[in-house]
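The values are calculated or read from the model by the stated rules, or taken from the named source; none is laboratory data. Being a predicted model, the structure only gives us computed values, none of them experimental. No Cβ is skipped: glycine too gets one built from the backbone with ideal geometry, and neighbour counts run over all protein chains shown.
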Amino acid sequence: MHTLNVDKREDKKAAAIRRSGRVPIAIQGKGVETVLVSAPELETRKALGASHGQKMMIALGGETSYEVLVRGSDFDAAKGQLLSLTLQRVSEDDVVTMEVPVVADGIPESVNDGHSTLSFPTPTVQLKGALHDLPEEIHVDVSKLEGHDKLLASDLVLPKGVTLQTSPDAVVATTGVNRAFVEAGVEAADAASTETAAA
């Protein structure tokens, strides 16, 4: 699990913190005061990427470490800047709902042959359970999918104690016709027909 090093915020306004290349961060928790900290923007974005924007460790001042969930972020798309981050302090026994990425294992034979394409309409699913039971990602074997086939969220194998919150009918992986392959076949057939007629 990725660890983000943070420092307690000085009495600076958020705009001043951003100008210094850091991100204002609020860490909330049950029955405790919200802790205001900041971290370098580049390191914060790396941590979000490594944790799939879900779960990470926070190290405060190089001394106190605890686990947090990402509960909100504010991003300026025009400037490409992460403006702020809200985290929730949790314990391993807390029951939470978390969005988890679906990772495909294997390649269907029809895709290897070029007959089909493989797509992932639902790349993440929401899971609920104790934090220590929730996986950072869910793996699914797609190698046995045939042409015009699909895997649903209900087909995912979940750890004990973890329940699916996403619709069980959500399609997580599907194979479809490779139009380029079909068009190439049609062109080849037309060319062969033309050659036969010319002969």
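Residues that are more than 25 Å from residue 1 (Cα to Cα) and modelled with pLDDT of 90 or more do not occur anywhere in region 79-95. From 47, 59, which residue is of a type outside the set (Asp, Glu), touching a His at 6+ places or on another chain (Cβ under 6 Å) and either assigned to a strand (DSSP E or B) or at pLDDT below 90 (or both)? After ruling out the rest, the residue left standing is 47.
Within the span defined as region 185-198, every residue fails to be modelled with pLDDT of 95 or more, not in a strand (DSSP E or B) and not assigned by TED's automatic domain parsing to the domain that holds residue 51. For region 137-159, the condition of being in contact with a His (Cβ under 8 Å, 6 or more places away or on another chain), closer than 29 Å to residue 45 by Cβ and touching a residue at least 24 places away in the same chain (Cβ under 8 Å) holds for at least one residue. Selection within region 1-30: residues that are among the small types (Gly, Ala, Ser) and farther than 17 Å from residue 68 by Cβ. The member of this set that is farthest from the chain's Cα centre (by Cα) is 16.
Among the residues of region 117-173, those that are farther than 25 Å from residue 69 by Cα, among the β-branched types (Val, Ile, Thr) and more than 17 Å from the chain's Cα centre (by Cα) comprise 117, 142. In region 100-125, what residues are part of a strand (DSSP E or B) and either surrounded by 15 or more Cβ atoms within 10 Å (Cβ to Cβ) or of a type in the set (A, V, I, L, M) (or both)? Passing the criteria: 100, 101, 102, 103, 104, 116, 117, 118, 124, 125.
Quick check on residue 37: is it modelled with pLDDT of 90 or more, assigned by TED's automatic domain parsing to the domain that holds residue 132 and either surrounded by 15 or more Cβ atoms within 10 Å (Cβ to Cβ) or more than 27 Å from residue 156 (Cα to Cα) (or both)? Give the steps one after another, and end with the answer.
Details: modelled with pLDDT of 90 or more: yes; assigned by TED's automatic domain parsing to the domain that holds residue 132: no; either surrounded by 15 or more Cβ atoms within 10 Å (Cβ to Cβ) or more than 27 Å from residue 156 (Cα to Cα) (or both): yes.
So residue 37 does not fit the description; no.
In region 13-36, the residues that are touching a residue at least 40 places away in the same chain (Cβ under 8 Å) and closer than 17 Å to residue 87 by Cβ reach residues that are buried (at least 16 other Cβ atoms within 10 Å of the Cβ) and among the acidic types (Asp, Glu) with C-beta atoms within less than 7 angstrom, at least six apart or across chains, in these pairs: 23/41.
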